[in-house]
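The values are calculated or read from the model by the stated rules, or taken from the named source; none is laboratory data. Note that the structure is predicted; figures quoted are calculated from it, not measured. Every residue, glycine as well, gets a Cβ built from its backbone with ideal geometry; the counts of neighbours run over all protein chains shown.
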Amino acid sequence: MIEEVTLTIDDVLVKAVKGISVLDAAVKSGICIPHLCHVPFLSDIGACRLCIVENVNNGKAKITTSCTLRVQEGMVIRANSEKVLKLRKNIAELLVAHAPNSRAIQDIAVRCGLKEVRYPFHNANCVLCGRCVRYCSEMWQGNAIGFVGRGKDRHVEYPFGKRPDTCKKCNSCVLYCPMSVTPCGEVMKTGEEHLCGKCDSQMAMAEKIPGACVWCETGKSFQCARYA
Amino acid sequence: MNSTNLETILEGRRSQPHQLIEVLQDVQDVYGYIPKDVMGIVAKELGVPLMEVFRVAKFYKAFTLKPRGKNVITICTGTACHVRGSQLLIDQVQGQLRLKPGDTTKDGLFTVECVNCVGACALGPVVVQNGSYSNHMTPGKLRRAIDKVQGKKKEESPHA
Ligand code: FES
Ligand code: FES
């Protein structure tokens with residue numbers, strides 16, 4: 001039998017199937033929480049931190065990632081409180097500064113209401129969201145790529161740097177990579193990275209009507225015309 | 001390469017993915033490093049994806065993927081040892097053996113490595129040579145230790 005629990009997200013009572021994550025519950029009931037590393041039907045690792053929410057317990061609010069938080073009866077979640085919005089904006093800012101060359105990431109920045117980046121830009125080509133890694137191993141049992149190294153040396157690699165036989169050449173790693181969505185206009189060169197700003201109207205809206213929908217399709221966060 | 005060694009390491013541990021780290025440790029003990037083809041065999045025998053074996057081997061500093069020299073000199077570059085001058089020790093080996101930390105000499109006699117703290121900060125700078133710890137190291141002491149292994153006699157300088 002499917003058990004259901006009731007929880008409160010942003011003052012709304014939400015019914016959710018026991019065992020799913022708060023992020024899933026929110027998105028299913030139309031409450032938008034931006035997220036990047038979460039892919040439906042894959043395990044969540046909480047890598048991008050965009051989906052943070054406040055989990056209020058006994059009057060104490062704790063910030064956690066909602067994709068790794070399981071729903072519980074009587075939970076109180078604040079997904080769009082001032083504090084969360086501020087933190088989320090900062091996370092988005094760090095993401096754009098690290099890897100601006102992606103429409104997905106630029107869209108996330110707009111969605112989080114970012115108008116200015118205070119950090120130096122790096123033209124990185126990976127944000128370590130782990131979407132490709134998990135898709136490869138969990139969906140296709142390919143185990144062809146994985147995280148190697150740690151700390152600032154962490155990166156995605158083939159074993160011994162060579163494509164292994166287990167790779168099915170399905171191309172899912174590219175398809176699911178947020179960096180594979182090129183920015184509108186042209187690809188930014190090193191030294192001229194910037195916050196896109198082509199969607200001025202969206203930005204203005206994010207400012208004038210905070211929390212307004214930027215057609216990210218409920219937390220999908222970027223309009224890349226593909227599911228996930 | 002000795003396949004009987006590998007056989008004994010793997011015995012009783014086949015198809016047990018959770019044994020991965022122990023097996024890799026044993027491999028490291030026997031071979032001195034983790035050879036590429038052994039990783040493939042381990043992956044197959046334990047039922048772990050090769051990627052996972054590679055990831056684990058790369059993650060822990062205790063595992064090396066390159067063959068190591070007979071003598072492993074580990075210089076601590078942790079905070080305490082750093083302020084007590086471990087950089088001088090690194091300069092010393094670099095000058096004497098002509099290699100960068102992490103490398104092995106051509107004759108396969110020495111490997112020099114740096115670690116971040118060996119947990120004996122009060123005794124720094126610490127140098128570990130083949131598992132034995134030396135405290136309060138100085139470039140001079142280190143030079144003599146290396147000379148000793150190389151079998152060089154201390155050359156008496158005529159002006160001494
Ligand atoms: S951390 Fe939750 S979606 Fe990335
Ligand atoms: S810093 Fe060298 S032992 Fe701790």
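Scanning region A:24-50 for residues that are assigned to a helix (DSSP H, G or I) and either within 11 Å of ligand 1 (Cβ to nearest atom) or not assigned by TED's automatic domain parsing to the domain that holds A:ARG78 (or both) yields a count of 2. For B:LYS66, the requirement of being surrounded by fewer than 17 Cβ atoms within 10 Å (Cβ to Cβ), in contact (Cβ under 8 Å) with a residue 24 or more places away in the chain, away from ligand 1 (no atom under 16 Å from the Cβ) and assigned by TED's automatic domain parsing to the domain that holds B:VAL23 is not met.
For residues that are among the polar types (S, T, N, Q) and within 14 Å of ligand 1 (Cβ to nearest atom), scanning just region A:51-65, find the one that is farthest from the chain's Cα centre (by Cα). Checking each candidate, the answer is A:ASN55. The number of residues in region A:144-161 being within 7 Å of chain B (Cβ to nearest Cβ) and either in contact (Cβ under 8 Å) with a residue 60 or more places away in the chain or in contact with a Leu (Cβ under 7 Å, 6 or more places away or on another chain) (or both) comes to 1.
Quick check: anything in region B:72-95 in a loop (DSSP other than H, G, I, E, B) and within 12 Å of chain A (Cβ to nearest Cβ)? Checked region B:72-95: no residue is in a loop (DSSP other than H, G, I, E, B) and within 12 Å of chain A (Cβ to nearest Cβ). Apart from one condition, B:ASP37 fits all of (1) assigned to a helix (DSSP H, G or I); (2) surrounded by 14 or more Cβ atoms within 10 Å (Cβ to Cβ); (3) not assigned by TED's automatic domain parsing to the domain that holds B:ASN135; the exception is (2). Residue check: A:LEU87 meets all listed conditions (1) farther than 26 Å from A:TYR135 by Cα; (2) more than 13 Å from ligand 1 (Cβ to nearest atom) but one, namely (2). Against the criterion of being part of a helix (DSSP H, G or I), of a type in the set (A, V, I, L, M, F, W, C) and over 27 Å from A:GLU192 (Cα atoms), A:LEU95 does not qualify.
Can you confirm whether A:LEU95 is under 30 Å from A:MET188 (Cβ atoms) and either away from ligand 2 (no atom under 16 Å from the Cβ) or in contact (Cβ under 8 Å) with a residue 12 or more places away in the chain (or both)? So A:LEU95 fits the description; yes. Can we say B:THR77 is touching a helix residue (DSSP H, G or I) at 6+ places or on another chain (Cβ under 7 Å), within 20 Å of B:TYR60 (Cα to Cα) and of a type in the set (S, T, N, Q)? Here the answer is yes, as B:THR77 does meet what is asked.
Among the residues of region A:105-120, those identified as of a type in the set (A, V, I, L, M, F, W, C) and buried (at least 24 other Cβ atoms within 10 Å of the Cβ) are A:ILE105, A:ILE108, A:ALA109, A:VAL110.
Among A:GLN106, A:GLN72, which is more than 15 Å from ligand 1 (Cβ to nearest atom), within 15 Å of the chain's Cα centre (by Cα) and touching a residue at least 12 places away in the same chain (Cβ under 8 Å)? When all the criteria are applied, what remains is A:GLN106. Tell me, which residue of region B:41-55 that is within 22 Å of the chain's Cα centre (by Cα) and within 10 Å of chain A (Cβ to nearest Cβ) is farthest from A:GLY151 (Cα to Cα)? So the residue we want is B:VAL53.
Under the condition of being touching a residue at least 40 places away in the same chain (Cβ under 8 Å), over 19 Å from B:GLY151 (Cα atoms) and hydrophobic (A, V, I, L, M, F, W, C), which residue from region B:84-119 is surrounded by the fewest Cβ atoms within 10 Å (Cβ to Cβ)? The residue in question is B:LEU88.
Being modelled with pLDDT of 90 or more and away from every other protein chain (no Cβ under 14 Å) holds for only one residue in B:ILE21, B:ILE34, and it is B:ILE21.
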